[in-house]
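Working notes, structure below.
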């Protein structure tokens, strides 16, 4: 497995883990952990897409990371 495969697989796995845990009610979809998994996973997947030179997936994963980051920041404002 190449470096790019490891980076990309790690990112996609974190995103899928967040989705799985949320779907089966193990974590809330508005929790810090959920957003952190999505943000870190999206960043890894974005970097992997960059290494592969896949512009559509760079955009997708970049936006995914940004939205997750905004969601994470918003959780700090909640009581």
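Quick notes on this one:
- Residue check for residue 22: surrounded by 14 or more Cβ atoms within 10 Å (Cβ to Cβ), free of Cβ contacts under 8 Å to residues at least 40 places away in the same chain and assigned to a loop (DSSP other than H, G, I, E, B): no
- Filtered residue count, the stretch 38-65, keeping only those that are without any contact (Cβ under 8 Å) to a residue 24 or more places away in the chain and under 19 Å from residue 19 (Cα atoms): 4
- Residues that are under 25 Å from residue 76 (Cα atoms) and at pLDDT below 95, drawn from the stretch 1-50: none
The values are calculated or read from the model by the stated rules, or taken from the named source; none is laboratory data. The model shown is predicted, which means the values in this text are computed figures rather than measured ones. Please note: Cβ atoms are built from the backbone with ideal geometry, for glycine as well, and neighbour counts cover all protein chains shown.
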